[in-house]
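Okay, so here's the structure we're looking at.
The values are calculated or read from the model by the stated rules, or taken from the named source; none is laboratory data. All of these numbers come straight from a predicted model, not from anything done at the bench. Don't worry about glycine lacking a Cβ; one is built from the backbone with ideal geometry, like all the others, and counts go over all protein chains shown.
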Amino acid sequence: MAEGSTLTEAPRVLRVALLGGGTVGSQVARILLDDAEALAARAGARLELVGIAVRNVDAPRDVELPRELYTTDAESLVASADLVIELMGGIEPARTHIIAALRRGASVVTGNKALLAQDGATLFDEADAHGAELNFEAAVAGAIPIIRPIRESLSGDRITRVLGIVNGTTNFILDAMDTTGAQFEDVLAEAQRLGYAEADPTADVEGLDAAAKAAILASLAFHTRVTLEDVRCEGITGVTASDIAAAQDAGMTIKLLAIAELVPAGAAGDGVSVRVHPTLLPAKHPLAAVRGAYNAVFVEAENAGALMFYGAGAGGAPTASAIMGDVVTTARRIIAGSPGRAGTTRTLPIVGLESVTTSYSIGLEVADEPGVLSRVAQVFADHGVSIETMRQKLEQKIGRGEVLPAAEEGAHGAGRAELRFVTHRASEAALAATVADIKNLDVVESVTSVLRVEGI
Ligand code: NDP
Ligand code: HSE
């Protein structure tokens, strides 16, 4: 048999180092061990798990794995591996280990969106310079295949907008607050218990995790470099039970959306706007139906039109599925000797929110007396902000939480009224000036909420 023939070759073995044995890492290890035969057949090489780097080898673990695999010596693991799976999270030492692996020519699979959004360019340059691959399907939207479709399937199209729910923890919290009236802290604790939340859940609830994912999606979709710092980010900690009740009254729901879009940037041509914020959606909008820790991403492209990707956005096993897809694909390419390249090409200007228009919902508590409505409406008009709808509720002094039906013409003077305006699209600057002036009206007791609205 000729040299190189697959029939006489010993089966190839790829040494796989796993950095991190937590929620996701433990599930990856389980799959590598339990499905070894099937994975070998698909990858074209046996994937030998040579070790799992953790902080504490003696810590109790939910998934039963051979104790001898655990080590605190990540550096030695990396030095001996053909393929490194990084699931430690955080910036350091993950970044140092990934760079060490790439410099040896070992390919890396990671789910570390925080690191990619902060310093992805350095890592991709290292990968390209050393003929290695860096793959990261799990970094955005858990189990959902979204990176490869954008990077490969849509690489012949022009993507104009990516919009979605990309954080499972916050969707889980908002959904529970919306459907069961649960308290924010209780639901967050449950999301942590279920393995959805980041090690520091502030990253989830303050929107930073979604912002990191939005930066990654924008970089890939628009073939440019977008980092976490370029993303305008607002989390869900300011969303109150009363915002949720008001949304329900208006037939809407509140979701934390990530929005990345190409926008005109004057003579420069295209610019990129990337933002994350709580957003009101009509209850019949497809994203309103995304429940629990599920994620969904809309991609709009010139030729493909609108595509929607949906599935489990967080959790150990779903995320391990995305990691393993990258592991098998990467192993195949190592065997074939042809690593792919990162391929980011241009630098588009980042456009701030001042150049982006959106609809807004503004809640006000006002004195219930004649002329209030017209005075408030005049402020909107003064700033060129057009009102789409206005709803009013009377809140008479009959006890907290008891609200009378919508006000009838002339039925005033009994107490306070709650007004909720939804505007047509307006710039952030015009909206901010409107809200500032409304706050100064003597008939306005408070501005109870300002939320962006999509899908109307
Ligand atoms: P966990 O906190 O559950 O696990 C982290 C693991 O890394 C632990 O085993 C920990 O060791 C180990 N580790 C952390 N720091 C070090 C260090 N300095 N040296 C050695 N080991 C270390 O995180 P997850 O599994 O939830 O997340 C891992 C990565 O995957 C993160 O980047 C996260 O953003 C990403 N991700 C997570 C998803 C999820 O649903 N959980 C979904 C998509 C991506 P020890 O066990 O001893 O503490
Ligand atoms: N903490 C993240 C989330 C994990 O809740 O979506 C998945 O990236």
>> Just the residues that are in contact (Cβ under 8 Å) with a residue 12 or more places away in the chain and within 22 Å of ARG332 (Cβ to Cβ), please, taken from region 36-65.
In response: LEU39, ALA40, ARG42, ALA43, GLY44, ALA45, ARG46, LEU47, GLU48, LEU49, VAL50
>> Within region 80-127, take every residue that is more than 20 Å from the chain's Cα centre (by Cα) and within 16 Å of ligand 2 (Cβ to nearest atom) and give me the one that is surrounded by the most Cβ atoms within 10 Å (Cβ to Cβ).
In response: ILE85
> Can you tell me which residues in region 45-63 are of a type in the set (Gly, Ala, Ser) and in contact with a Pro (Cβ under 9 Å, 6 or more places away or on another chain)?
Replying inline: ALA45
> For region 190-296, list the helices (runs of 4 or more DSSP H) that sit wholly inside it and hold at least 2 residues that are out of contact with any helix residue (DSSP H, G or I) (no Cβ under 9 Å at 6 or more places or on another chain); which are they?
Replying inline: 241-249
>> Filter region 295-323 down to the residues that are touching a residue at least 60 places away in the same chain (Cβ under 8 Å), of a type in the set (Gly, Ala, Ser) and more than 11 Å from ligand 1 (Cβ to nearest atom) and list them by number.
In response: ALA296, ALA301, ALA304, GLY311
> Is it the case that ASP326 is away from ligand 1 (no atom under 16 Å from the Cβ) and not hydroxyl-bearing (Ser, Thr, Tyr)?
Replying inline: no
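Taking the conditions exactly as written (within 16 Å of ligand 2 (Cβ to nearest atom), under 26 Å from ALA317 (Cα atoms) and among the β-branched types (Val, Ile, Thr)), does VAL187 satisfy them or not?
Answer is yes for this residue.
Yes/no matrix, rows are residues, columns are (1) of a type in the set (S, T, N, Q); (2) closer than 25 Å to ARG346 by Cα; (3) at pLDDT 95 or above; (4) within 15 Å of ligand 2 (Cβ to nearest atom):
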| site | (1), (2), (3), (4) |
| --- | --- |
| ILE147 | no, yes, yes, yes |
| LEU154 | no, yes, yes, no |
| ILE173 | no, no, yes, yes |
| GLY181 | no, no, no, no |
| ALA199 | no, no, no, yes |
| GLU206 | no, no, yes, yes |
| ASP209 | no, yes, yes, yes |
| LYS213 | no, yes, yes, yes |
| ARG225 | no, yes, no, no |
>> Being hydrophobic (A, V, I, L, M, F, W, C) and touching a Leu at 6+ places or on another chain (Cβ under 9 Å) narrows it down to one residue among ALA197, ALA182, ALA189, ALA176; which is it?
In response: ALA197
> Among the strands (runs of 3 or more DSSP E) contained in region 79-177, which hold 2 or more residues that are within 13 Å of ligand 1 (Cβ to nearest atom) and out of contact with any Cys (no Cβ under 9 Å at 6 or more places or on another chain)?
Replying inline: 83-86, 107-110
> Name the residues in region 128-141 that are within 15 Å of ligand 2 (Cβ to nearest atom) and of a type outside the set (Phe, Trp, Tyr), would you?
Replying inline: GLU137, ALA138, ALA139, VAL140, ALA141
> Condition test on VAL16, is it farther than 22 Å from PRO339 by Cα, among the aliphatic types (A, V, I, L, M) and at pLDDT 95 or above?
Replying inline: no
